[in-house]
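The values are calculated or read from the model by the stated rules, or taken from the named source; none is laboratory data. Note that the structure is a prediction, hence the values are computed from the model and not measured. Every residue, glycine among them, receives a Cβ derived from its backbone with ideal geometry; neighbour counts consider all protein chains shown.
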Amino acid sequence: MRRYALFLLAGLLFAGALARDQFDRWVAATEIPVLVIETSIEVLDREGRLLRAFTVDDGRWRLAAQPAQVDPLYPAMLIAFEDRRFLRHHGVDWRAMARAAGQALWHGRIVSGGSTLTMQVARLLEDGTTGQMAGKLRQLRLALALERQLTKDEILAIYFERAPFGGNLEGVRAATLAYFGKEPHRLTPAEAALLVAIPQAPTSRRPDRHLANASVARDRVLARVARAGVIDHDTAEAARTTPVPALRRNFPAHAPHLAERLRAEHPLRDVHLTTLDRDLQAALEDLAGESARQAGDRLSTAIVVADHRTGDLLASVGSADYLAETRGGWLDMTRALRSPGSTLKPLVYGLAFDAGLAHPETLIEDRPTAFGRYAPVNFDGQYRGTLRVRRALQMSLNIPVVSLTQAIGPARLVARLRRAGVEPVIPSDTPGLAVALGGVGVTLEDLVRLYGALARGGLAMPLHETGAPDAEPRRVLSEVAAWQVADILAGMPPPAHAARRALAYKTGTSYGHRDAWALGFDGRHVAGVWIGRPDGTAVPGAFGGDLAAPVLFETFGRIAPRSEPLPPPPPAALLSSTAELPLPLQRFRPRNAVFQTATDGPKLAFPPPGTEVEARDGLALKVRDGTPPFTWLANGMPVIVGTRERESFLPTPGKGFLDLSVIDAEGRAARTSVELR
């Protein structure tokens, strides 16, 4: 008898071994679905904070999440509520399944489930059902296979990414951003419990639509995890009094233009780490919206801020409102080609300082001047005569800067722009003098690069939004010339009602009032502001000093309460008055002045001599050079006496030949003869 018992035991053990071997082979042969799933493309700021996320191709929000990114309270509650032996079983909790089966037989209905977290992950991987026996068996087999290939943390990571949270939300990060407006790094007990409850019935428990169901389910989780010792009962009771969020929040959508550009340039990259500062970006997006609304209909605002010491782009606001069609919000005005107005003038002066043509205290002429066929005028139509170069730049006068550009050469000016990282678009193959007054296409980012070079002692600033530049920066101006320009711009008075700051800045207005600019820098930051209409139409009465400059000062106010001081003068800087300068620097003279006839007497600009002029309503008279006041004579008779204007109007003197003369305050005269029709 004993022998037979031993034979029976051996047979049972052999059969069990065969069955176990067959079971192992069955599990090992399991076809495991692809574990990697598409997650939302993310654009992050310099500290790893989310700036912008994009839905995956099927329109769902599914953000990558690892256990280390999630508050430990959440997985502790999840395991205590869903699968207490998760860390000990191998995919299937046979005790829980036996208990569930016994309860179902006893009560005639399902009382508790035997599904483990690993089995739930198996269902998520295959998007399968739990009600069908075949589906349940498949989940059991896949769960056993997953446990043989993955760690517990890897299994949790799949759950954290794919668990459904209602609507198009998948994963714990999408849920916390949508319902709590934050990442899952830090969760309250009430928040963690809600995240445990929703995936059990995501359609009927999403709090933005079924608040009562969500509250009841959350409180049930709190009660069970308190009994399990995850939290104490007092904490659970306090969490029950916390309201469940009733609204779903929008996902972060900062720097939309930059985010779209990065996604288009690097379509295979899941995460884009940028140099932006999310708090500053959000503050300046608000500022851009406020300024555009105050400026008027159809206007937009763009703002760029960088750390000029490193070239890091800290904020990039492409428009006042990305979704505003009337303001062209989808257009990125930080990269739009526009006329820069007077904002290139500081570079002209810096080049003149470097070339030994001028010094900030050099005297220069602001008088009506023709440069060949090009006869620019000042913005206000007025002329100041002789003044210091410092004052000419601060007043943004046109004649002095064109005189300097002629001496420097427009081609050299364009070459230095390119050295600064600017890509100017010139209407013709050969740049002309008009480049100095804005006759070129540049972008806001270009101008920030240029002013960044002024701020960092003349070295080009390699502006970048990701990574760091490899190449050594090129020199645009000498350290002395860059400081001299900065010192002049630092003497500009602030806009009305703006806080005083240690800020060097320049404004600009393009031809036809299409663009209002303000660029500036302190000891650390450089910023640029553009205001205008994205379609390029004129904005009557718009000036950079009135529209853009206040926004620039407010931008620096949002960067930091106090501006960092500008650097002291370099040791080689020549600090002296005009009279103390070397003789060649006391007064600016073009390089070819020695070959020209020196005459500052008046010249008739209109009407030209020997021409026939239509003058039914009267005759326009224009004079350049000379010293006001002027006296006009017609056929030897005074007709306009003592005018300081360079443009006058003579009532119709009748048809026929007319001899015109103009005499300035020093008795110098110019004459012409025309025929009136």
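Residues are listed down the side, and each one gets a yes or a no for (1) assigned to a helix (DSSP H, G or I); (2) of a type outside the set (Asp, Glu):
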position	(1), (2)
Gln406	yes, yes
Ala411	yes, yes
Val414	yes, yes
Leu417	yes, yes
Glu423	no, no
Ser428	no, yes
Pro431	no, yes
Ala434	yes, yes
Gly439	no, yes
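Could you check the stretch 57-146 for helices (runs of 4 or more DSSP H) lying wholly inside it with 2 or more residues that are assigned by TED's automatic domain parsing to the domain that holds Gly229, at pLDDT below 80 and among the small types (Gly, Ala, Ser)?
Working: elements: 73-82, 94-107, 117-126.
Counting at least 2 such residues, we get 94-107.
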Say whether the condition of being outside the structural domain of Pro75 (by TED's automatic domain parsing) and on the phi > 0 side of the Ramachandran plot is met by at least one residue in the stretch 252-265.
yes
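Determine if the stretch 647-659 includes at least one residue that is among the charged types (D, E, K, R), surrounded by 16 or more Cβ atoms within 10 Å (Cβ to Cβ) and within 27 Å of Gly385 (Cα to Cα). Lay out the reasoning, then the answer.
In the first step, residues of the stretch 647-659 are kept if they are among the charged types (D, E, K, R); the result is 647, 655, 659.
Subset that is surrounded by 16 or more Cβ atoms within 10 Å (Cβ to Cβ): none.
Scanning the stretch 647-659 turns up no residue that is among the charged types (D, E, K, R), surrounded by 16 or more Cβ atoms within 10 Å (Cβ to Cβ) and within 27 Å of Gly385 (Cα to Cα).
Considering the stretch 200-216 alone, what residues qualify as being buried (at least 22 other Cβ atoms within 10 Å of the Cβ) and assigned to a helix (DSSP H, G or I)? Break it down stepwise before answering.
As a first pass, look at the stretch 200-216 and keep what is buried (at least 22 other Cβ atoms within 10 Å of the Cβ): 205-207, 214.
Answer for the stretch 200-216, where residues must be buried (at least 22 other Cβ atoms within 10 Å of the Cβ) and assigned to a helix (DSSP H, G or I): Arg205, Ala214.
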Just to be sure before I move on: is Thr672 among the hydroxyl-bearing types (Ser, Thr, Tyr), modelled with pLDDT under 75 and more than 56 Å from the chain's Cα centre (by Cα) in the structure I sent?
no
Which residues, counting only those in the stretch 494-505, are within 11 Å of Ala549 (Cα to Cα) and touching a Lys or Arg at 6+ places or on another chain (Cβ under 9 Å)?
Pro494
Tell me the residue from Glu564, Glu554, Glu472 that is within 18 Å of the chain's Cα centre (by Cα) and over 19 Å from Val442 (Cβ atoms), please.
Glu554
Look through the stretch 348-403, keep the residues that are under 35 Å from the mean Cα position of the chain (by Cα) and in a loop (DSSP other than H, G, I, E, B), and return whichever of them is nearest to Leu454 (Cα to Cα).
Pro360
Residues of the stretch 146-171 being under 15 Å from Ile79 (Cα atoms), buried (at least 23 other Cβ atoms within 10 Å of the Cβ) and under 35 Å from the mean Cα position of the chain (by Cα), which ones?
Ile158, Phe160, Ala163
In the stretch 607-628, which residues are surrounded by fewer than 14 Cβ atoms within 10 Å (Cβ to Cβ) and within 25 Å of Glu365 (Cα to Cα)?
Pro608
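Let's see how each residue does on (1) surrounded by 11 or more Cβ atoms within 10 Å (Cβ to Cβ); (2) modelled with pLDDT under 85:
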site: Ala548; (1), (2): yes, no
site: Phe553; (1), (2): yes, no
site: Ala579; (1), (2): no, no
site: Pro590; (1), (2): yes, yes
site: Thr631; (1), (2): yes, yes
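Restricting to the stretch 38-56, and then to whatever is in contact with a helix residue (DSSP H, G or I) (Cβ under 7 Å, 6 or more places away or on another chain) and part of a loop (DSSP other than H, G, I, E, B), can you tell me which residue is nearest to Thr176 (Cα to Cα)? Working first, answer last.
Taking the stretch 38-56 first, the residues in contact with a helix residue (DSSP H, G or I) (Cβ under 7 Å, 6 or more places away or on another chain) are 39, 41, 43, 45, 49, 51-52, 54.
The next check asks that each one be part of a loop (DSSP other than H, G, I, E, B); those that pass are 39, 41, 45, 49, 54.
Numbers: Thr39: 16, Ile41: 17, Asp45: 19, Arg49: 14, Phe54: 16 Å.
Top of the filtered list is Arg49.
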Could you go through the stretch 417-429 and let me know if any residue there is at pLDDT below 95, surrounded by fewer than 23 Cβ atoms within 10 Å (Cβ to Cβ), among the β-branched types (Val, Ile, Thr) and more than 30 Å from the chain's Cα centre (by Cα).
no
If Thr537 satisfies all but one of (1) within 22 Å of Arg335 (Cα to Cα); (2) crowded, with 21+ Cβ neighbours inside 10 Å, what's the number of the condition it fails?
(2)
